[in-house]
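Q: Here it is: the structure, laid out below.
The values are calculated or read from the model by the stated rules, or taken from the named source; none is laboratory data. Please read all numbers here as calculations on a predicted model, not as lab measurements. Cβ coordinates were reconstructed from backbone atoms using ideal geometry, including for glycine residues, and neighbour counts include every protein chain displayed. Each accessible area value is taken on the protein alone, full model and side chains, heavy atoms only, with ligands, DNA and RNA left out. Shrake-Rupley method; radii C 1.70, N 1.55, O 1.52, S 1.80 Å.
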Amino acid sequence: MSRAKVVIVGAGHAGTALAGLLRQGGHRGEIVLFGEEHDLPYQRPPLSKKFGGDDFEHALRPAEFFVEQAITWCPGDRVTSLDPARKRIALDGGRAVDYDFLVLATGARARRLTVPGARAEGVLGLRTLGDARRLRAMLAGARKLAIVGGGYIGLEVAAAAGVMGVEVTVLERESRLLARVASKPFAARMTEYHRSLNTTIVTGAQVVRFHERDGRVAGVGLADGQLLGCDLALVGVGAVPRDELAAAAGLTCDNGIVVGDPTRTSDASIFAIGDVTRRPVPGLAGGHRLESIPSATEQARQACAAILGTAPPRPEVPWFWSDQHELNLKIAGVVRPGPVVTVRARPSSPSFSVLHHENNMLTAIESVNAPADFMAARKFIATGQRIDPAILADPEKPLRAAAAA
Ligand SMILES: Cc1cc2nc3c(=O)[nH]c(=O)nc-3n(C[C@H](O)[C@H](O)[C@H](O)COP(=O)(O)OP(=O)(O)OC[C@H]3O[C@@H](n4cnc5c(N)ncnc54)[C@H](O)[C@@H]3O)c2cc1C
């Protein structure tokens, strides 16, 4: 087994998973995991989903795990530069550390708005545990929450805050919710659902300023002149890959660190995994940024195999989930314009699936509270099994029965 020294930058989902996988795979060399955050590596999905108590704080691993597995976890240690020629990184404070393999797992940061008032107290973003603690503390005393951005994180927070009795308005710049990531029929049903929770949804809403009173947010101004009063604002307008270390070191970056083969960067000794990457995605030319736990975990497995020199894992169908109040959303495959879209729903039930298919093959599923549909569709997508489209729209027949004879 290799005794190479592996240095991982970023102790989030991807980096922490890789450290564990390397040991599990029998790696005997040193593993060093640098994370600039001070908390134990933690799960991000709960940060936006439930606001009762402190049940959003879930460590990925207990502190003993790192000791038992002889993984040198270095919290509060920020890597400031890379020197690929010397195979060396530098840390805040000037310390230098050498590596045989370097893995960049630096994730992404919440995109901020640059409009006037965006730095007022009560205008928040949501990416870290610190952000979530702040949001929760402020929500406890809030009456009106404005959420800028109708993507998954914005809608998760809208549902969770609405349940607490806070008056929620979602302001979406595009003409519909989930415009970048979901199909029209799926977004239409989600819009209907959120309205049924008493969330106000404003589309075509271009935020041009935050109004302040005594330094604290008091409203959101829109380009059409409307002013919406609020005492708390959450900005959920996407995430920006933290690829600046890689770019400064001359690695190929293009809105994310470009990886191929499948997680190696343009330097053979440096890998990149997780939200920071622009990665190959089956069916999409030119690579893509997939910001999800399943993608981060898949890439951790791929990097582990490459470092250990073992067989690469089989590529997975991209997928992710979201929880919005009592709805569990599961999406698999790549949602893109082109394929035929079939909605599979029962009038009396909140569960439904939107199936995307082309030439009698499924390309994607967007499902809500429909685990059997999701499982069957994911298998169809993975295997390329031909299907009978006539069965897709009939919720009385199990989706797995759509397999063409
Ligand atoms: C609120 C929220 C809800 C989400 N919900 C879901 C969900 O329901 N389902 C789903 O599939 N995905 C969800 N995601 C996305 C998912 O959390 C990410 O895809 C995942 O965290 C990516 O893992 P990562 O390791 O690439 O990045 P991260 O988890 O962001 O970890 C990167 C780490 O690197 C550290 N770092 C960065 N630069 C340096 C440096 N120079 N030196 C040292 N450390 C550094 C950062 O501080 C950070 O801790 C959610 C994300 C958020 C924010």
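Q: Mind checking which pairs have a first residue in the stretch 77-96 that is near the ligand (Cβ under 10 Å from one of its atoms) and a second that is among the basic types (Lys, Arg), Cβ under 7 Å, 6 or more apart or different chains?
A: LEU91/ARG78; ASP92/ARG78
Q: Additional query: Of the residues VAL208, VAL217, which is in contact (Cβ under 8 Å) with a residue 24 or more places away in the chain and in contact with a His (Cβ under 8 Å, 6 or more places away or on another chain)?
A: Details: VAL208 fails: in contact with a His (Cβ under 8 Å, 6 or more places away or on another chain).
Matching residue, one of VAL208, VAL217: VAL217.
Q: What number of residues in the stretch 53-79 are modelled with pLDDT of 95 or more and over 18 Å from ILE8 (Cβ atoms)?
A: 2
Q: Would you confirm, using the coordinates I've provided, whether VAL103 is under 23 Å from the mean Cα position of the chain (by Cα) and more than 16 Å from the ligand (Cβ to nearest atom)?
A: no
Q: Kindly establish whether GLY162 is within 16 Å of the ligand (Cβ to nearest atom), surrounded by fewer than 24 Cβ atoms within 10 Å (Cβ to Cβ) and either touching a residue at least 24 places away in the same chain (Cβ under 8 Å) or β-branched (Val, Ile, Thr) (or both). Before the answer, list the steps.
A: Details: within 16 Å of the ligand (Cβ to nearest atom): no; surrounded by fewer than 24 Cβ atoms within 10 Å (Cβ to Cβ): yes; either touching a residue at least 24 places away in the same chain (Cβ under 8 Å) or β-branched (Val, Ile, Thr) (or both): yes.
For GLY162, the condition - within 16 Å of the ligand (Cβ to nearest atom), surrounded by fewer than 24 Cβ atoms within 10 Å (Cβ to Cβ) and either touching a residue at least 24 places away in the same chain (Cβ under 8 Å) or β-branched (Val, Ile, Thr) (or both) - is not met.
Q: Additional query: Please go through (1) within 13 Å of LEU155 (Cα to Cα); (2) in contact with a helix residue (DSSP H, G or I) (Cβ under 9 Å, 6 or more places away or on another chain) for LEU232 and return the number of the only condition it doesn't satisfy.
A: (1)
Q: Select from the stretch 260-282 the residues that are of a type in the set (A, V, I, L, M) and either surrounded by fewer than 18 Cβ atoms within 10 Å (Cβ to Cβ) or away from the ligand (no atom under 12 Å from the Cβ) (or both) and write down the one among them that is nearest to ILE8 (Cα to Cα).
A: Selected residue: ILE270.
Q: In addition: Within the stretch 110-120, restricting attention to residues that are part of a loop (DSSP other than H, G, I, E, B) and within 16 Å of the ligand (Cβ to nearest atom), which residue is nearest to the chain's Cα centre (by Cα)?
A: Ranking the qualifying residues of the stretch 110-120, first place goes to ARG111.
Q: Considering only residues that are more than 16 Å from the ligand (Cβ to nearest atom) and part of a loop (DSSP other than H, G, I, E, B), look in the stretch 121-157 and name the one that is nearest to GLY76 (Cα to Cα).
A: GLY122
Q: Collect the residues in the stretch 203-236 that are surrounded by fewer than 19 Cβ atoms within 10 Å (Cβ to Cβ), modelled with pLDDT of 95 or more and part of a loop (DSSP other than H, G, I, E, B), keeping them in residue-number order.
A: Hits for the stretch 203-236 are GLY204, GLN206, ALA223, ASP224, GLY225, GLN226.
Q: Ok, one more. Please go through the stretch 165-184 and give me each residue that is surrounded by 19 or more Cβ atoms within 10 Å (Cβ to Cβ) and under 20 Å from PRO350 (Cβ atoms), ordered by number.
A: VAL168, VAL170, LEU177, LEU178, ALA182, SER183
Q: Counting just the residues of the stretch 185-202 that are in contact (Cβ under 8 Å) with a residue 12 or more places away in the chain and open to solvent by 60 Å² or more (accessible area, probe 1.4 Å), which one comes out farthest from the chain's Cα centre (by Cα)?
A: ASN198
Q: Please go through the stretch 34-73 and give me each residue that is open to solvent by less than 20 Å² (accessible area, probe 1.4 Å) and either closer than 30 Å to ALA160 by Cα or within 9 Å of the ligand (Cβ to nearest atom) (or both), ordered by number. Break it down into steps so the answer makes sense when it comes.
A: Step one: list which residues in the stretch 34-73 are open to solvent by less than 20 Å² (accessible area, probe 1.4 Å), which gives 34-35, 41-42, 47-48, 56, 66, 71.
If the condition is that a residue be open to solvent by less than 20 Å² (accessible area, probe 1.4 Å) and either closer than 30 Å to ALA160 by Cα or within 9 Å of the ligand (Cβ to nearest atom) (or both), then PHE34, GLY35, PRO41, TYR42, LEU47, SER48, PHE56 are the ones that fit.
Q: Just to confirm my filter: which strands (runs of 3 or more DSSP E) fall fully inside the stretch 283-396 and include at least 2 residues that are open to solvent by less than 30 Å² (accessible area, probe 1.4 Å)?
A: Counting at least 2 such residues, we get 319-324, 327-333, 340-345, 352-358, 361-368.
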